[in-house]
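Data block below; observations after.
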Amino acid sequence: MDRRKIVDRHQPELTKWDPLSPFSVGNGEFAFTADVTGLQSFPGQYEVPLGTQAGWGWHYTGGKGRFTERDAAYQTFDTYGRPVGYPMKPGDKAEAYHWLRQNPHRLQLGRIAFRFLLESGAEAEAADITRIRQRLDLWRGLLISEFAVEGIPVRVTTACHPTLDTIGVRAESELIAQGRLQVFVRFPSPDMTNTAWAKSVFPDWEHDDRHRTELRETGSRHAILDRSMDEDSYAVNWSWNTDGGLEQTGAHEFTLHPKSQDRLLECSVGFAPRDPQTAAFDEIAAASADHWEAFWLSGAAIDFSGSSDPRAYELERRVVLSQFLCALHSAGTMPPQETGLMYNSWFGKSHLEMHWWHGAHFPLWGREEKLLRSMDWYTEILPVARDLASSQGYEGARWPKMVGFDGKPCPSPVAPGLIWQQPHPMALAELCYQADPSTATLERFRDVVFEGADFMVSFAHWNEEKRVYDLGPPLIPAQECHPLDGSKNPPYELEYWKYGLDIAVRWAERLQTEPNPRWAEVAAAMAPSPQADGVYLAHELCPDTFAAKNHDHPSMLGALGILPGAAIDRGVMLNTLLKVKEVWRWGSAWGWDFPMCAMTAARLGEPDLAVDFLLMDAAKNTYLTNGHNYQRPGLSAYLPGNGGLLTAVAMMAAGWEGGDGKANPGFPQDGSWSVNWEGLKPWL
């Protein structure tokens, strides 16, 4: 396959300001998001912040020990005669509640921007930027920005080093020789204090007294800046290729006045906890090109170009851009947040129930090493997960839902009650094992799989009357609009419990060790998925699923599609899928719901329906010029949608274990789709 041809035909381009589609460069652990100038010169033009973020960049407002989970208010819920506490509401401890939700949070490491001067001496505004043409070279990972200021052309190339948290910038313009182009770095306050989700997205550019920026070292062509805030700190290394003066132009702002007669400025800015490194622009750009070319030439590729279905080009565009975005934002050393490294969402925390959607596609596309980078984090936080289970009277390790880098759970109206993140590490570990079926893989994730399974059998409750194991209450299903104390036996979670426990049994067999006998016992006797009138319900206590509760995630569909659905009736699930398509309030759904439905349709032998779901015309199934999955104002990047798309496409093309072996089983077989691929692996 001509992989470069496939990638190049989907390079995103802009010819005007687009407030929803800034472009990013990055390496999986660090990302820099730019406006049409190639830097962050006019952030006010965008609906969301233009971020500079790294996997290591976190902050605790007021210090790490200001509050602990013991300071939260807990509400007790009856758990079959036993009270269990969950921090769901602020109660009389609002300050602790909000601090724990917000801390630790990811840092906006700094704004790197151009300042353009007009002939009058005034600073240029966004309206003064004309003749815009910006292109993201996906094959090389380079952002190329062309524009004019008062008719004078400017060309900027922006790149990120693949192993250093460093960007390189080359600017070419007569404005440099005229002294009318400057570069400045400005740092925001590190705090996150607004309890409203939408307002917490934006960094705080005030409160200069809450942090310090010190010029540690300076020369004619470099500077090192030290940043400190409460107990946290990092450093910035800034170098440039020409003589120039560095001036402090604000409490936390430094401006470079380049002196060059050859109309060329090259600079690099590196970030690190202690000693950041930089490199020459040519080295950064070359390393970026090598890195991304190797990425595109490795793993899998798919080509829809021979299709007559007019939607095929758009699906291929989404697939190409989603591969780039997930490698850039979702391939770090811990599970990412929904917005990746673009800007903070949900108070800068990661949501572990989304890790599957961020990363399950990597092994299917032959890039399992990108998932493996974040899998070891579960081993690191095992003590936290054990403590969480123990504090609630359970065995094993209970994975939290909404976390910072430390893995500690935080209070929330929903997060403490979710359980569907629990089997995720097992399912992801199994994907890693399928990619590398070695004893080393088994040993690497042994404790994560086994201790996670121990919690699952401890959490399931034996129903003596029905002779089955129930789940909940209390629990909140993946369809989060259901109450913690009124939800029981949701189909997806029931099937996922069985699936995860079966994995644990297989891992014990592979390791030739005795499994916990309760794993198989509970897996074999999970309660049947509740149904009524020929369709599956959201859960056993919700008879009106398709009336009052036909919004949010139609998660009952995940029981067959995402999962093999060993105990699911295919006819009932098809009825459920068709009912969901008919009556669901799709404006309330989320980006990953569409690929989830497509996977269910594919497994049911309905390929036309699978494609219809995957490309449904719905607001939250929108994919912007930059490839991000738009959800709503303030949330224009939602990577679980991108990752889910890649997982569904892999399944629809390569099939799944236990399938009939037919080529491209999830795509229509009437000749309207030409699906050529290499390197994809079948779904489990």
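Only one of these is modelled with pLDDT of 95 or more, of a type outside the set (S, T, N, Q) and in contact with a helix residue (DSSP H, G or I) (Cβ under 9 Å, 6 or more places away or on another chain): H351, H291. Name it. First the steps, then the outcome.
Values: H291 fails: in contact with a helix residue (DSSP H, G or I) (Cβ under 9 Å, 6 or more places away or on another chain).
Answer to the check: H351.
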Of all residues in the range 627-680 being in contact with a Gly (Cβ under 6 Å, 6 or more places away or on another chain) and surrounded by fewer than 19 Cβ atoms within 10 Å (Cβ to Cβ), the one that is farthest from K199 (Cα to Cα): S674
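Results for (1) basic (K, R); (2) over 22 Å from K370 (Cβ atoms); (3) touching a Ser or Thr at 6+ places or on another chain (Cβ under 9 Å), shown as yes or no for each residue.
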| residue | (1), (2), (3) |
| --- | --- |
| P12 | no, no, yes |
| T15 | no, yes, no |
| L20 | no, yes, yes |
| S24 | no, no, yes |
| F30 | no, no, yes |
| P43 | no, yes, no |
| V48 | no, yes, yes |
| T52 | no, no, yes |
Pairs with Cβ under 9 Å, 6+ apart, first in the range 266-288 and farther than 9 Å from V236 by Cα, second among the basic types (K, R): E266/R170; C267/R170; F281/R170; D282/R170; A285/R140; A285/R170; S288/R140
Residues that are surrounded by fewer than 21 Cβ atoms within 10 Å (Cβ to Cβ) and assigned to a helix (DSSP H, G or I), drawn from the range 150-193: E174, A177
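Is it the case that the range 150-157 has a residue that's closer than 22 Å to T15 by Cα and of a type in the set (S, T, Y)? Even if it seems obvious, please write down each step before you answer.
Of the residues in the range 150-157, the ones closer than 22 Å to T15 by Cα are 150-157.
Okay, now just the ones that are also of a type in the set (S, T, Y), so 157.
Yes, because at least one residue in the range 150-157 is closer than 22 Å to T15 by Cα and of a type in the set (S, T, Y).
Report yes if some residue within the range 570-577 is basic (K, R) and buried (at least 20 other Cβ atoms within 10 Å of the Cβ); otherwise report no.
Within the range 570-577, the subset basic (K, R) is 570.
Applying the additional criterion that residues be buried (at least 20 other Cβ atoms within 10 Å of the Cβ) yields none.
No: the range 570-577 contains no residue that is basic (K, R) and buried (at least 20 other Cβ atoms within 10 Å of the Cβ).
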Test: residue in the range 506-522 that is closer than 25 Å to L371 by Cβ, of a type in the set (A, V, I, L, M) and surrounded by fewer than 17 Cβ atoms within 10 Å (Cβ to Cβ): yes
Subset of the range 363-401 that is free of Cβ contacts under 8 Å to residues at least 60 places away in the same chain and under 22 Å from A331 (Cα atoms) - its residue that is surrounded by the fewest Cβ atoms within 10 Å (Cβ to Cβ): E380
Single condition D376 does not satisfy, out of (1) over 15 Å from the mean Cα position of the chain (by Cα); (2) under 30 Å from Y80 (Cα atoms); (3) assigned to a helix (DSSP H, G or I): (2)
Strands (runs of 3 or more DSSP E) wholly inside the range 1-96 that include at least 2 residues being aromatic (F, W, Y): 30-34
Selection count where residues are in a strand (DSSP E or B) and polar (S, T, N, Q), scope the range 107-142: 2
The range 30-42 residues that are free of Cβ contacts under 8 Å to residues at least 12 places away in the same chain, paired with ones that are buried (at least 24 other Cβ atoms within 10 Å of the Cβ) (beta carbon under 7 Å, 6 or more apart): none
Filtered residues of the range 559-577 (kept if farther than 18 Å from M651 by Cα and either assigned to a loop (DSSP other than H, G, I, E, B) or in contact (Cβ under 8 Å) with a residue 60 or more places away in the chain (or both)): A567, I568, D569
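Can you go through S288, S308, S330 and tell me which one is among the hydroxyl-bearing types (S, T, Y) and touching a Lys or Arg at 6+ places or on another chain (Cβ under 7 Å)? Break it down into steps so the answer makes sense when it comes.
Numbers: S308 fails: touching a Lys or Arg at 6+ places or on another chain (Cβ under 7 Å); S330 fails: touching a Lys or Arg at 6+ places or on another chain (Cβ under 7 Å).
Testing whether each residue is among the hydroxyl-bearing types (S, T, Y) and touching a Lys or Arg at 6+ places or on another chain (Cβ under 7 Å) leaves just S288.
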T545 vs. criteria crowded, with 22+ Cβ neighbours inside 10 Å, of a type in the set (S, T, Y) and at pLDDT 95 or above: no
Residue in the range 126-143 that is at pLDDT 95 or above, farther than 20 Å from L265 by Cβ and more than 34 Å from the chain's Cα centre (by Cα) present: no
Single residue of the range 194-221 satisfying the filter (assigned to a strand (DSSP E or B) and without any contact (Cβ under 8 Å) to a residue 24 or more places away in the chain) that is nearest to W99 (Cα to Cα): D204
Test: residue in the range 403-412 that is over 19 Å from W346 (Cα atoms) and not in a loop (DSSP other than H, G, I, E, B): no
Residue in the range 219-234 that is of a type outside the set (F, W, Y), touching a helix residue (DSSP H, G or I) at 6+ places or on another chain (Cβ under 9 Å) and at pLDDT below 95 present: no
Boolean, Y74 is over 30 Å from L175 (Cα atoms) and touching a residue at least 24 places away in the same chain (Cβ under 8 Å): no
Residues satisfying the stated conditions in the range 543-553, i.e. in contact (Cβ under 8 Å) with a residue 24 or more places away in the chain and farther than 14 Å from W420 by Cα: F546, K549, N550, H551, D552
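The values are calculated or read from the model by the stated rules, or taken from the named source; none is laboratory data. The model shown is predicted, which means the values in this text are computed figures rather than measured ones. A quick note on method: Cβ atoms are made from the backbone with ideal geometry, for glycine too, and the neighbour counts reach across all protein chains shown.
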